1. Could you give the accessible area per residue of the chain, probe 1.4 Å, as a whole number in Å²?
2. When only Cα pairs under 8 Å and 6 or more residues apart are kept, what is the percent relative contact order across the range 233-275?
3. Only Cα pairs within less than 10 Å get springs; with that Gaussian network setup on the chain, which residue of Asp115, Asp297, Asp218 has the largest fluctuation?
4. Give me the number: length gained by fully extending Leu91 to Arg2, i.e. 0.36 nm times residue separation minus the C-alpha to C-alpha distance, one decimal in nm.
5. On C-alpha positions alone, give me the angle between the axis of helix 175-197 and the longest principal axis of the chain, in degrees, nearest 10.
6. Dividing the Cα radius of gyration by the Kirkwood radius, what Rg/Rh value follows for the chain?
7. Report the local net charge at Glu62: Lys and Arg +1, Asp and Glu -1, summed over other residues whose C-beta lies under 12 Å from its C-beta.
8. Starting with the highest mean, order 29-35, 51-57 by the number of other Cβ atoms within 10 Å, averaged over the residues of each peptide.
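The values are calculated or read from the model by the stated rules, or taken from the named source; none is laboratory data. Please read all numbers here as calculations on a predicted model, not as lab measurements. We place every Cβ from the backbone using ideal geometry, glycine too, and count neighbours over all the protein chains shown. Remember, those area values only see protein heavy atoms, side chains included, never the ligands or the DNA or RNA. Shrake-Rupley method; radii C 1.70, N 1.55, O 1.52, S 1.80 Å.
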Amino acid sequence: GRPPRFHRHLVPCGDGQRGPGGPIRVLQWNILAQALGEGADCFVRCPPEALSWPERKYLILEEILTYRPHILCLQEVDHYHDTFQPVLRSLGYGGHFFPKPCSPCLVVHGNNGPDGCALFFDQSRFELLESVSVRLSALLIPTNQIAVVTKLRCRATARCVFVAVTHLKARSGWERLRGAQGSDLLAHLQTLLHDHRHPPGTTGPPDAAAPSLIVCGDFNAEPSEDVYQRFASSPLRLDSAYKKLSRDGATEPPFTTWKIRPSGECCSTLDYIWYGRDSLQVDAVLDLPTEEQIGPDRLPSFHYPSDHLSLICDFSFKEER
Ligand code: NDP
Ligand code: CA
């Protein structure tokens, strides 16, 4: 039989007062592209059988179905059309996928196409208003990193939420590129939010309430990095949900990814769920597995299909002022 799944707990936060319209559960996860896991990544302590697609596909879908998020933001998706889109559509999700222009999956023998970001939403909870694919630029030069931004309307409250998913450039030495990509994404979001409140072609005062914003991603950046600081200090007034897990409420978790490559062990915090702190509150956050649960061979493993951990939190709307 399979080893047990990680036992993780939803940790309540805030004052327990839920906002209008009920919870909005968001799941952020870099699921590990199948071509990269079996190819370029070199997870030397992971048994090859644990990296097979039939094995991993089952665990990835099990994780998603265990938590049944209203909004699902995925990176490194290279099985959208043949797996995630049909399975999740049958469960009532709408989705949008945008592949990387020059995905590293494409140079892996036997690949299943390019990897990219996918954004799914529960169609009983949200109505799709608009979805855009964004190729991120750095100093006006298009890069190989992308984002998907989807505008949703909550069916219960009619309030609008913009949700973005992104995967920034990996590896050390690329901190300035990540900073520029983050700034470009923030600029795109500012434009979309502005156009929502002041539809092009209209003048005069804004006719729409301020929409909410959620940005999920594998930023490939520790909290000390420039791109993190740009998000934390943006005029969009964003905060990072997983800080709520810490005792002081101001510290990111010690890791969101933990793996062993021939070059050594990598245990770092790279994944985030940002939210607009004026319009949303965090009601609960799923805790992270312990070092003992993860085990000496780290991730991925027979217990867990990706080198990145899923981040899950429950938001609710703040009362309109
Ligand atoms: P990135 O540098 O952003 O990383 C791509 C993937 O590699 C990410 O999913 C990342 O995972 C993973 N990764 C990070 N660190 C390592 C590591 N030390 N060893 C192995 N994998 C790692 O890639 P780009 O989008 O900038 O693409 C560049 C890559 O594309 C090149 O590395 C090259 O191999 C490949 N390439 C593809 C071509 C094509 O035709 N498609 C042509 C030329 C090159 P995570 O985000 O989880 O850290
Ligand atoms: Ca990866």
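1. Result: 44 Å² of accessible area for each residue.
2. It rounds to 38 percent for the range 233-275.
3. Asp297
4. 29.5 nm
5. Rounded to the nearest ten degrees, it is 30.
6. Result for the chain is an Rg/Rh of 0.95.
7. Taking every Cβ under 12 Å from that of Glu62, the sum is +3.
8. Packing proxy ranking, top to bottom: 29-35, 51-57.
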